[in-house]
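The next block holds one structure in the form of structure tokens; read it before the comments.
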Amino acid sequence: LPKLDGLSLIRQLRARDHFTPALILSALGEVDHRVEGLKAGGDDYLVKPFASVELIARIEVLSRRNQPATHSEIMLEAG
């Protein structure tokens with residue numbers, strides 16, 4: 001990103017109530033970096049280098065999570 005880093009972009013989007021899934025792809029893989037990315041509003045964090053099959057699987061999971069529910073409503077009762 002030429003004028004803004006990815007975490008700042010995600011923070012700005014979240015502050016404006018935009019909740020498009022954000023998968024962070026980064027060469028920074030220390031725990032502190034991953035935690036910072038998630039706390040900034042990232043939905044997932046994948047460290048480079050990564051396997052393309054893992055990237056695709058993570059994208060599929062994020063896509064599934066953000067689809068409207070098509071299942072019947074389930075009521076849970078505390079017992």
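The values are calculated or read from the model by the stated rules, or taken from the named source; none is laboratory data. Bear in mind the structure is a predicted one, so any value in this text is a computation, not a measurement. Ideal geometry is used to build each Cβ from the backbone, glycine not excepted, and the neighbour counts take in all protein chains shown. All accessible areas refer to the heavy atoms of the entire protein, side chains included, with ligands and DNA or RNA removed. Shrake-Rupley method; radii C 1.70, N 1.55, O 1.52, S 1.80 Å.
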Worksheet item: Does at least one position in region 29-52 carry a residue that is modelled with pLDDT under 95, open to solvent by 60 Å² or more (accessible area, probe 1.4 Å) and of a type in the set (K, R)?
Response: no
Response to the item:
Scanning region 5-16 residue by residue, those part of a helix (DSSP H, G or I) and surrounded by fewer than 12 Cβ atoms within 10 Å (Cβ to Cβ) turn out to be A15
Response to the item:
Residues of region 17-26 being open to solvent by 80 Å² or more (accessible area, probe 1.4 Å) and more than 12 Å from the chain's Cα centre (by Cα), in sequence order, are D17, H18
Fill in: Pick from region 42-55, criterion under 13 Å from the mean Cα position of the chain (by Cα) and outside any strand (DSSP E or B), ranking: farthest from L7 (Cα to Cα)
L55
